[in-house]
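Where a number appears in this text, it was derived from the coordinates with a stated rule and is not lab data. Please read all numbers here as calculations on a predicted model, not as lab measurements. Because the Cβ atoms are built from the backbone with ideal geometry, glycine has one as well, and the counts that use them run over all protein chains shown.
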Amino acid sequence: MIYLTRINGKVFTMNPDLIETAEATPDTIITLTNEKKYVVKESIEVIIERVAEFKRRCHPEFRGGPQVNED
């Protein structure tokens, strides 16, 4: 999960695996795979960094861990 901030200042968490798109209009609008939309204070660049950090924490291949050889 990543932390995000609604326009009203309330912090919430989101599963980044459900993010389909993020667009700046100038507010950042995140659309999930179920078509639900969230308007957040964070920029797209910040969201991308938080998603990347989430992936590094959850998946060894993203944090430089051992690779599984499937031979």
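Within the set of pairs 6+ apart or on separate chains, which have a first residue in the stretch 1-16 that is without any contact (Cβ under 8 Å) to a residue 40 or more places away in the chain and at positive phi, a second that is surrounded by 11 or more Cβ atoms within 10 Å (Cβ to Cβ) and not in a strand (DSSP E or B), and C-beta atoms under 8 Å apart?
Sorted first by the residue in the stretch 1-16, then by its partner, the pairs are Gly9/Lys41.
What number of residues in the stretch 1-47 are closer than 20 Å to His59 by Cα and part of a loop (DSSP other than H, G, I, E, B)?
So the answer is 2.
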